[in-house]
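Colleague: Below is a structure I'd like to ask you about.
The values are calculated or read from the model by the stated rules, or taken from the named source; none is laboratory data. All of these numbers come straight from a predicted model, not from anything done at the bench. Glycine gets a Cβ as well: all are built from the backbone with ideal geometry, and neighbour counts include every protein chain shown. Calculation scope for accessible area: heavy atoms of the full protein, side chains included, ligands and nucleic acids excluded. Shrake-Rupley method; radii C 1.70, N 1.55, O 1.52, S 1.80 Å.
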Amino acid sequence: MEQNKPQTEQELSQQAAVRRQKLADLCEAGHNPFEITKYAQDAYSADLKQEFAELPAEAETGKIVSLAGRMMSKRIMGKASFAHLRDQKGDIQIFKRDLLGEEAYAAFKKLDIGDIIGVKGEVFRTKMGEISVRITELTLLSKSLLPLPEKFHGLTDREARYRQRYVDLIVNPEVKDTFVKRSQILKEIRAYLDEKGFLEVDTPILT
């Protein structure tokens with residue numbers, strides 16, 4: 001199918017130009033996302049899924065949470081729209097239906113895959129059984145100016161993955177997990193050697 005073909009460099013360049021124009025429009029309207037340096041996040045996706053693992057379908061929790069992360073997908077379906085937010089611990093669906101207000105919903109529709117957002121809303125389980133957050137507030141925290149690899153092909157070229165490690169970490173969760181584990185292992189090794197009185201020394205050759 002046509003939609004499954006990798007995007008050309010020209011198409012990617014055009015998308016980047018559109019995103020930069022969106023940023024310029026935001027700044028002109030007084031909504032520069034890069035001026036926002038803090039967001040009051042109080043929950044993570046994996047923790048919520050674990051906490052409400054036994055919640056039945058279509059059940060409410062009454063729990064209001066604030067999440068922050070990168071938007072990895074978006075579906076606009078009239079007044080009922082869905083997106084997936086990826087935070088430090090995983091992915092969670094965010095759901096909107098007549099709660100954001102017209103202005104905020106119009107801003108939501110203009111968001112791009114890869115944008116970093118903050119959301120606030122109630123945790124619930126959908127009819128399809130997915131733990132989600134019904135959002136009442138949404139804040140654009142950072143604008144993604146370059147499109148991410150499209151979902152059918154992703155970033156699979158080994159050389160490109162090494163050159164664009166930041167993209168590899170964004171689109172391939174298993175790669176991020178490897179880096180997290182590597183960091184934890186090195187931390188424990190350093191702590192053990194510190195206790196034994198060893199001194200860590202860097203040399204130009206080894207570095």
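Colleague: Pull up all non-local amide H partners of THR136: gap of 5 or more, or a different chain, and H-to-H distance under 5 Å with H placed in the peptide plane.
Modeller: Under 5 Å from the amide H of THR136: LYS120, GLY121, GLU122.
Colleague: Could you tell me what percent of the accessible area of the chain is made up of carbon and sulfur, with a 1.4 Å probe and every protein chain present?
Modeller: Solvent-exposed carbon and sulfur of the chain make up 53 percent of the total.
Colleague: Right, next: Could you let me know the centre-to-centre spacing of the stretch 67-118 and the stretch 165-207, using Cα atoms, in angstrom?
Modeller: Taking the Cα centre of each part, the stretch 67-118 and the stretch 165-207 sit 33 Å apart.
Colleague: Would you kindly derive the ³J(HN,Hα) couplings of the stretch 64-70 from the backbone phi angles with the Karplus curve 6.51 cos²θ - 1.76 cosθ + 1.60 (θ = phi - 60°), listing them in order in whole Hz, with x for Gly and Pro?
Modeller: For the stretch 64-70, the Karplus-derived couplings read 9, 10, 10, 10, 9, x, 9 Hz, x marking Gly and Pro.
Colleague: With a point put 7 Å past each Cα toward its Cβ, work out how far GLU130 is from GLU9 in nm, to one decimal.
Modeller: Taking the simple label geometry, GLU130 and GLU9 are separated by 3.6 nm.
Colleague: Let me ask another. Please list, ordered by chain and number, the residues whose modelled amide H lies under 5 Å from the amide H of SER66; skip anything fewer than 5 residues away on the same chain.
Modeller: Long-range HN contacts for SER66: ASP42, ALA43.
Colleague: From the phi angles alone, apply the Karplus equation (6.51, -1.76, 1.60; θ = phi - 60°) to the stretch 98-112 and give each ³J(HN,Hα) in whole Hz, x where the residue is Gly or Pro.
Modeller: Residue by residue, the stretch 98-112 yields 6, 10, 7, x, 4, 5, 5, 5, 4, 5, 4, 5, 8, 5, 10 Hz.
Colleague: Bin by bin, in steps of 5 Å, what percent of the Cα pairs in the chain do you find, going until the bin that has the longest distance?
Modeller: The distribution over the chain is 1, 6, 12, 15, 16, 15, 12, 10, 6, 4, 3, 1, 0, given as percents.
Colleague: Heavy atoms only, probe 1.4 angstrom, no DNA, RNA or ligands counted: give me ARG75, ARG70, ARG125 ranked by accessible area, highest first.
Modeller: ARG75, ARG70, ARG125
Colleague: Continuing with this model, one more query. Where a Cα-Cα gap under 27 Å defines reach, which lysines qualify for LYS22, not counting those fewer than 8 residues away within the same chain?
Modeller: The reachable lysines, counting only those whose Cα sits under 27 Å from LYS22, are LYS5, LYS38, LYS74, LYS79, LYS96, LYS109, LYS110, LYS120, LYS143, LYS151.
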